[in-house]
Amino acid sequence: MLNTLLSGDYPRSRVLTGILLAILLGLAFAPFLFPGAAAINTAAKVCIFIVLVASYDLLLGYTGIVSFAHTMFFGIGGYGVGLGLYAFGASWGVIALGILLALLVGVVLAFLIGLLSLRVRAIFYAMITLAVASAFLILATQFSEYTGGEDGRSFSVPPALRPGFRLFETPVFGTVINGRILAYYLVFAAAVTLFLLALRVVNSPFGRVLQAIRENDMRAEALGYRVVYYRTVANCLAAGMAVLAGAMSAIWLRYTGPDTTLSFAIMLDILLMVVIGGMGTLYGAVVGATLFIVAQNYLQKLMGTASAATEGLPLLPKLLHPDRWLLLLGILFVLSVYFFPTGIVGRLRGKSR
Amino acid sequence: MTVAPAPATTPEALPAIKHDYLPILLPVALSALALPFVGNPITWVTLTVAALAMGMMIFVIASGLTLVFGLMDVLNFGHGAFIAVGAYLALSVLGLLSGWVQVDSLGWNLMALGLAVSVAMIGTGLLGWAFERVIVKPVYGQHLKQILITMGGLIVAEQLIHVIWGGDQKAMALPTALRGAVLIGDVAIEKFRILAVAVGFVVFAAMLLVLNRTRIGLLIRAGVENAEMVEALGYRIRRLFVGVFAVGSALAGLGGVMWALYRETLTAAIGGDVMVLVFIVIIIGGLGSVGGCFIGAILVAMMANYTAFLLPKVALASNILLMVAILMWRPQGLYPVAKR
């Protein structure tokens, strides 16, 4: 049973198993364990980013392709659901239709980009995705009569997911089961399903070929695998998963805008989560996303305190200003690529061997 | 015993290098194609001159990047950092020399500008040298890590600019004598654009001269074709590479100064904005090719300017379409570099 669920890819380290179990339980019972709107928001964000980062890891960690357009697919998912709900009112049918359309657009776009750039050489891909993603961001903000421009669009979700909705009359374990909690569990269930699916993909023969391509694409080609074909399929799969993550994000936030889905800052966050968690292991996505988002919430507060504490010293308060947290993350990113290329999960697994 | 006859002293003439003129016609064709859409010839000339100026600036920035890639197979995503640092250094120098900048005399203005550009280029050149040593050197030959690391370097550099110069948008005023436009017939051409075109052509000419007429240029071109062979012949390709990297960074600094003066405003994100265009340019031109980069820059700038006039909302997207079209025609770019 467990073997089937995890596709035979166990954490292979006691510490890692412990961490993963803690994250799973924490997320599964988040509304009961951590009361308050902020905590459940963080938990939902963790779920969404686990899916997003796992899908990115499929590209970066397993296939060895660097893409800067992952937020574009995330955004397509978000806008697909968001604009649908905005235009046609809150119903489940609209959500389904929005997801389907967004999936179609995302996968076709990923296919076209792949066709254009993956044939020639993988390094093209990084540059072309960067260009395409910026063009998409600009288009999304320019066509404001459809997309809401910089402000984005707020919309309502089906009644069962609204805060006013009550599933039971009486509270369960002291918590009222309202629509928000239902929405959270929808996001959580989707995240678990998609994550297990991704595990299935990377541990299938197909996933092994992807890893072979990452290690040595010439050799994979020589063994008889069409590298272009595998890269393109991986690209479309990752894009589709990112679209779904975007849809989850839209349903949870009840808002879609460039800052929450398309911006380059989110792309950097994803890169950091993958690298810190560990490239080439999906469990890295879980650890990286959780650690990063929790840290993000507290790091800025910490930096504010540190900045205030060093008041009067030259330059130091400016370096520690909360707005400069990207600086620390950037340094952390460079250092972890150098010294820590397998990330947390790689380290933990390495020790257990 | 007879001596073998000496080999013919006049060997067959070396096969002439075939020049591929087709890509050169592209900008001409594109501008001709745009004329009926724009309609008014005067507007068209203004747009074309603006495109040339913008193209030159992009070329100055992109040339270093494409050479670095050609020579050492290093794709520097952090190139944008040099653009921004160059622009900010010039901003500081021009701020100090505000007397020279505000006086309405071309000589003093150019002197201030020249000083600012020198400081910017020296600063970014040194920064490039340090960047190569610290950031790029450990990850030679690993594309994946290169992309990630240089991207990280770009973030750190951008944030440091925030720390040093502050994060608000700065005004970058043009020197007095360079403001306004010159009237040629009915066509008004901004003075700064003329300067930008001139600088661009000088850089292009100097680059071609160095690459085609000097020993260093010969080594660089040989290195682009086959670095290992150059190394086997006893040249230190690494040292050459560091030099090219530093010069490329200095050129990015120069381009950054020009770009900031062109826009007349400056934020730390300036590098990232230009880099998107620069990437399109070097892909169109063929990675590693200076000539292709030159034509690509003009093409991209023309496309950007014409569509900004005709359909302002899709300006950047039109360049993606341009890139797609060119890659369908020549998948390796306009001038593919032999081995890669």
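The values are calculated or read from the model by the stated rules, or taken from the named source; none is laboratory data. All values derive from a computational prediction rather than experimental measurement. Methodologically, a virtual Cβ is constructed for each residue, glycine included, from the backbone with ideal geometry; neighbour enumeration extends over all protein chains shown. Each accessible area value is taken on the protein alone, full model and side chains, heavy atoms only, with ligands, DNA and RNA left out. Shrake-Rupley method; radii C 1.70, N 1.55, O 1.52, S 1.80 Å.
List the aspartates and glutamates whose alpha-carbon lies under 19 Å from that of A:Lys318, not counting same-chain residues fewer than 8 positions away?
B:Glu158, B:Asp168
If you average the C-alpha positions of the stretch A:1-74 and of the stretch B:79-133 separately, how far apart do those two centres end up, in angstrom?
One Cα centre to the other: 47 Å.
What do you get when you divide the Cα radius of gyration of the stretch A:170-261 by 2.2 N^0.38 Å, with N the number of residues?
1.55
Straight-line reach only, C-alpha to C-alpha below 15 angstrom: list the aspartates and glutamates that B:Lys313 could link to, leaving out same-chain residues fewer than 8 apart.
Answer for B:Lys313, where 15 Å is the Cα cut-off: A:Glu145, A:Glu150, listed by chain and number.
Considering only protein heavy atoms, what per residue accessible area in square angstrom results for the protein assembly as shown with a 1.4 angstrom probe?
Result: 44 Å² of accessible area for each residue.
Where in chain A lies the longest segment free of GluC sites (Glu not before Pro) that are both loop residues by DSSP (not H, G, I, E, B) and have at most 10 other Cβ atoms within 10 Å?
Result, exposed sites excluded: A:1-168.
Compute the accessible area of each residue in the stretch B:129-149 twice, once for its chain alone and once with every protein chain present, using a 1.4 Å probe on heavy atoms, and list those whose area falls by at least 40 Å².
Buried by 40 Å² or more upon assembly, which counts only protein chains, are B:Leu144, B:Lys145, B:Ile147, B:Leu148, B:Ile149.
Report the one residue of B:Asn40, B:Ala198, B:Leu178 whose Cα lies farthest in the direction of the positive end of the charge dipole of chain B (charges on C-beta: Lys and Arg +1, Asp and Glu -1; origin at the Cα centre).
Going by the charge dipole, the pick is B:Ala198.
Would you work out the relative contact order for the stretch B:78-159, in percent, from Cα pairs under 8 angstrom that are 6 or more residues apart?
Here the relative contact order equals 39 percent.
Averaged across the residues of B:44-52, what count of C-beta atoms belonging to other chains lies within 10 Å of each residue's C-beta?
0
How big is the dipole moment of the stretch B:17-163 about its Cα centre under a simple scheme where the beta carbon of each Lys and Arg is +1, that of each Asp and Glu is -1, and everything else is neutral? Debye, nearest 20, please. Could you put the intermediate results ahead of the total?
On the way: 4 positive and 5 negative charges, 51 e Å.
Dipole about the Cα centre, nearest 20: 240 debye.
I'm checking a number: the convex hull volume of the Cα atoms of the stretch A:199-353, normalised per residue, in Å³. What is it?
Taking only Cα atoms, the stretch A:199-353 has a hull volume of 162 Å³ per residue.
Leaving out ligands, DNA and RNA, what percent of the accessible area of the stretch A:118-192 is carbon and sulfur, probe 1.4 Å? Before the final figure, lay out each step's value.
Details: 2160 of 3520 Å².
Whole-percent figure for carbon plus sulfur exposure: 61.
Nearest 100 Å², what total accessible surface is buried between chain A and chain B (probe 1.4 Å)? Mind dumping the intermediate values first?
Numbers: alone 17190 and 16970 Å², together 30570 Å².
Chains A and B together bury approximately 3600 Å².
Quick check: from the Cα gyration tensor, does the stretch B:247-340 come out rounded (a/c under 1.5), prolate or oblate?
Oblate shape, in that a/c is at least 1.5 and b/c is the bigger or equal ratio.
Once the Cα gyration tensor of the protein assembly as shown is found, what semi-axes does its equivalent ellipsoid get, as square roots of 5 times the eigenvalues, in whole Å, sorted largest first?
Working: eigenvalues 419, 198, 135 Å².
One finds semi-axes of 46, 31, 26 Å for the protein assembly as shown.
What is the P(r) of chain B, as percent of Cα-Cα pairs per 20 Å bin from 0?
Binned Cα distances yield the sequence 29, 55, 13, 2, 0.
About its Cα centre, what dipole magnitude does the protein assembly as shown give when the only charges are +1 on Lys and Arg Cβ and -1 on Asp and Glu Cβ, stated in debye to the nearest 20?
Working: 42 positive and 27 negative charges, 304 e Å.
Roughly 1460 debye for the protein assembly as shown.
Can you pull the mean other chain C-beta count within 10 Å for peptide B:318-329?
Partner Cβ neighbours, averaged per residue: 3.
Take the solvent-accessible surface of the protein heavy atoms, probe 1.4 Å, and return the percent of it on the stretch A:304-351 that carbon and sulfur atoms account for.
Looking at the stretch A:304-351 in its full context, I get 72 percent from C and S.
Starting from the Cα gyration tensor of chain A, take the square roots of the eigenvalues, sort them a ≥ b ≥ c, and report rounded, prolate or oblate (rounded when a/c is under 1.5, otherwise prolate if a/b is larger than b/c, else oblate). If you can, show how the numbers build up before the last one.
Numbers: a/c = 1.26, a/b = 1.14, b/c = 1.11.
Since a/c stays below 1.5, the shape of chain A is classed as rounded.
Among A:Phe143, A:Phe124, A:Phe111, which one moves the most in a GNM of chain A with springs linking Cα atoms closer than 10 Å?
A:Phe143
Arrange the peptides A:57-68, A:336-347 so that the one whose residues have, on average, the most other Cβ atoms within 10 Å appears first. Before the final figure, lay out each step's value.
Values: A:57-68: 26.1, A:336-347: 18.5.
The peptides rank, most packed first, as A:57-68, A:336-347.
Could you please report the charge total around A:Trp252, scoring K, R as +1 and D, E as -1 over all other residues with beta-carbon less than 14 angstrom from its beta-carbon?
Numbers: positive: A:Lys45, A:Arg162, A:Arg180, A:Arg254; negative: none.
Summing Lys/Arg as +1 and Asp/Glu as -1 gives +4.
Find the relative contact order for chain A and round it to a whole percent, using C-alpha pairs within less than 8 Å whose residues are 6+ positions apart. Mind dumping the intermediate values first?
Values: 518 pairs, mean separation 104.3, N = 353.
Here the relative contact order equals 30 percent.
Relative to the Cα centre, what is the charge dipole magnitude of the stretch B:212-340, using +1 at the beta carbon of each Lys and Arg, -1 at the beta carbon of each Asp and Glu, and rounding to the nearest 20 debye?
Charge dipole, the stretch B:212-340, about its Cα centre: 320 debye, nearest 20.
Is the C-alpha gyration tensor of the stretch B:31-172 telling us rounded, prolate or oblate? Criteria: a/c under 1.5 is rounded; beyond that, a/b larger than b/c is prolate, otherwise oblate. It would help to have the intermediate numbers written out before the result.
Working: a/c = 2.28, a/b = 1.23, b/c = 1.85.
It comes out oblate by the Cα gyration axes.
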